[in-house]
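Visitor: Sharing a structure here in structure tokens format.
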Amino acid sequence: MNTNNNVYTVVYTTVIVVVVAAILAFVSQSLKAKQDANEKAETISQMLTSAGYGTKAELDLLNNIAKLDKYSEEIEEAFIINLDGEKVSDLDGITVYGPKDLKRQNYNIKGGANKTGEPEIPVFIFKNGRTVVPIYGAGLWGPIWGYISFNSDLTIGGAYFDHESETAGLGAKIKDDPSFQAEFVGEKADFSEINVFDIVKGGAPKDADGKSVIDNKIDAITGATMTSQGLDAAIDTWLAAYAKYFIGSKPACDKPCCGGHEEGEEPCEGNCEHHNEVEE
Amino acid sequence: MDAKLKETILNPIFKGNPITVLVLGICSSLAVTVTLKGALVMALSVIVVCGISSLILSLLRKTIPGRVRIIVQLVVVAMMVILVDQILKSFEATYAIDKQLSVYIGLIITNCIVMGRIEAFALGNKPWPSFLDGIANGAGYGLILIIVAFFRELLGSGTLFGFDILNRFGYVPNNLVILPPFALILLGCIVWVQRSIQKGLQEK
């Protein structure tokens, strides 16, 4: 048989491609449910880590079903808010926001050509009083995302970050290095500023004992400047989107100047300043 | 088993090792050897992809039009790679490792060993020897991967398969070992050892 004539070649390649496409489509469809379940369980274990229900390694010892059970046991309330901090709808059962959902909302927050609608960002409140919110952004090689939990006094209770393809041993430390994630604990996010949170190159302010002072700054990762900057930008973008929710949820400031201060007066600190700016 | 078949299996493991002698598949051997677990899964994936692609293409070898044979090889290998990736993603046990290996599973297709063995062996041999050749080359690749990963995880993280080994004795992990250049240095050492055993490989 002459395998080199044109008709044979065209027919042959067409058949091969169609057969391969059919096999792949079939496999992809039949495995999709399992893959989604794995992804969801992973997202849940990341959120539970951030909310302080054990380390990631401990949670990874649980199987998927146990992770889901633990989540439904510990979740108090989960709902979606808009950028004004108003609740739009409840999240039912065990709906969580994995990286794919976050990517879509990230476009919506930042606007631009990929915007598909108004941002609808999730808030997860756990029974231990912590509120978990996601963040999403670009690292050096690919997307990075994570979950930050806040105590009721708006200090950070925990954080867990994940990435698709940051450099192992450097940028990947945002995920692999528990001591980096531990730096977030106890820090404060400053919702009244554009820079809600800072990851600082060259060292965050330290007190005399060498302990990080409580502010909104932590140390960046040595050798991973781009990933650190990406994470910083991701946190700023997303926490700013939650600013109205968090500041609104705080009791109103009782200082007299909150009603608007005269020119020349000392501006108030923290939330008051924010209130004034918004109202003016 | 006849001598020729035995040679087909044993040659790629040491004497004609795809990494140290043919110098194929260097890229991924630098990238996925940070942890032993990752290297092991990568090695198994390459063995499966290499073996089955060689088998399929050897079965098809008389029907493939010569002008598009590379494209046909590419389609078959790509299919195998995607299948392996999809399957790794589907099981709870392998999901985390697949996440860790991320793009490198998909990049098996660019691993010169796979296409190289198909082009050099499977298209000219019967299915059974081709299958064994694919498996053996994957295994030769995997062997080097595991040796490199053993040293990199031990010295770079102080652990093996995630268990503390050197860490127990107050070892401070060496960050250089984690970085790809160290894998290249290790590979160089392996090539050095092999060439001093196999004098025939030394250039005059």
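The values are calculated or read from the model by the stated rules, or taken from the named source; none is laboratory data. The model shown is predicted, which means the values in this text are computed figures rather than measured ones. FYI the Cβ positions are ideal-geometry reconstructions off the backbone, even for glycines, and counts take in every protein chain you see.
Visitor: Report yes if some residue within segment A:138-157 is of a type outside the set (S, T, N, Q) and touching a Lys or Arg at 6+ places or on another chain (Cβ under 6 Å); otherwise report no.
Guide: Initially, segment A:138-157 is screened for residues of a type outside the set (S, T, N, Q), giving A:138-148, A:150, A:153-154, A:156-157.
Among the residues that remain, those that are also touching a Lys or Arg at 6+ places or on another chain (Cβ under 6 Å) are: A:157.
Looking through segment A:138-157, at least one residue is of a type outside the set (S, T, N, Q) and touching a Lys or Arg at 6+ places or on another chain (Cβ under 6 Å).
Visitor: Another question, if that's okay. Here is a list of conditions, (1) touching a Phe, Trp or Tyr at 6+ places or on another chain (Cβ under 8 Å); (2) within 11 Å of chain A (Cβ to nearest Cβ), and B:L186 meets all of them except one; can you say which number that is?
Guide: (2)
Visitor: Still on this structure: Collect the residues in segment B:105-147 that are surrounded by 19 or more Cβ atoms within 10 Å (Cβ to Cβ) and within 14 Å of chain A (Cβ to nearest Cβ), keeping them in residue-number order.
Guide: Within segment B:105-147, B:I105, B:L123 meet the criteria.
Visitor: Moving to a separate point now. If we keep just the residues of segment B:59-74 that are surrounded by fewer than 18 Cβ atoms within 10 Å (Cβ to Cβ) and at the interface with chain A (Cβ under 7 Å from one of its Cβ atoms), which is farthest from B:C112 (Cα to Cα)?
Guide: B:T63
Visitor: Working only within segment A:1-44, note down all residues that are touching a strand residue (DSSP E or B) at 6+ places or on another chain (Cβ under 9 Å) and within 10 Å of another protein chain (Cβ to nearest Cβ).
Guide: Here is the first cut: in segment A:1-44, the residues touching a strand residue (DSSP E or B) at 6+ places or on another chain (Cβ under 9 Å) are A:42-43.
Matches in segment A:1-44: A:E42 only.
Visitor: Go through segment A:117-169 and count every residue that is in contact with a Phe, Trp or Tyr (Cβ under 8 Å, 6 or more places away or on another chain), more than 20 Å from A:E39 (Cα to Cα) and not in a strand (DSSP E or B).
Guide: Number satisfying all stated conditions: 4.
Visitor: What are the pairs with Cβ atoms under 6 angstrom where one residue, in segment B:184-197, is aliphatic (A, V, I, L, M) and the other, located anywhere, is at pLDDT 90 or above? Sequence gap at least six, or different chains.
Guide: Close Cβ pairs (under 6 Å, with a partner that is at pLDDT 90 or above) amount to B:L186/B:V148; B:L186/B:F151.
Visitor: Which one is nearest to the chain's Cα centre (by Cα) among residues in segment B:52-66 that are of a type in the set (A, V, I, L, M) and farther than 10 Å from B:E119 by Cα?
Guide: Here the residue is B:I52.
Visitor: Looking at (1) exposed (fewer than 12 other Cβ atoms within 10 Å of the Cβ); (2) within 11 Å of chain B (Cβ to nearest Cβ); (3) not polar (S, T, N, Q); (4) not in a helix (DSSP H, G or I), which is the one condition that is false for A:L62?
Guide: The number of the failed condition is (1).
Visitor: Hey, another quick one. What are the pairs with Cβ atoms under 6 angstrom where one residue, in segment A:163-177, is under 17 Å from A:Y147 (Cβ atoms) and more than 10 Å from chain B (Cβ to nearest Cβ) and the other, located anywhere, is hydrophobic (A, V, I, L, M, F, W, C) and surrounded by 23 or more Cβ atoms within 10 Å (Cβ to Cβ)? Sequence gap at least six, or different chains.
Guide: A:I174/A:F161; A:I174/A:L231
Visitor: Could you pull out the residue among A:D92, A:D69, A:D101 that is under 19 Å from the mean Cα position of the chain (by Cα) and of a type in the set (D, E)?
Guide: On inspection, the qualifying residue turns out to be A:D101.
Visitor: Shifting gears a bit: Do we have A:I44 as surrounded by 15 or more Cβ atoms within 10 Å (Cβ to Cβ) and in a strand (DSSP E or B) here? Give the steps one after another, and end with the answer.
Guide: Numbers: surrounded by 15 or more Cβ atoms within 10 Å (Cβ to Cβ): yes; in a strand (DSSP E or B): no.
Answer is no for this residue.
Visitor: OK, next. Step by step: first the residues of segment B:148-170, then only those that are touching a Pro at 6+ places or on another chain (Cβ under 9 Å) and among the aliphatic types (A, V, I, L, M), then the one that is farthest from the other protein chains (Cβ to nearest Cβ). Which residue is that? Spell out the reasoning first.
Guide: Of all residues in segment B:148-170, those touching a Pro at 6+ places or on another chain (Cβ under 9 Å) come to B:155-159, B:166-167.
Checking which are among the aliphatic types (A, V, I, L, M) leaves us with B:155, B:166.
On the way: B:L155: 12, B:L166: 16 Å.
Top of the filtered list is B:L166.
Visitor: Let me confirm something: among B:L59, B:L22, B:L10, B:L30, which residue is under 15 Å from B:F121 (Cβ atoms) and in contact with a Pro (Cβ under 8 Å, 6 or more places away or on another chain)?
Guide: B:L59
Visitor: Still on this structure: What single numbered condition from (1) without any contact (Cβ under 8 Å) to a residue 24 or more places away in the chain; (2) of a type outside the set (S, T, Y); (3) away from chain B (no Cβ under 14 Å) fails to hold for A:F79?
Guide: (1)
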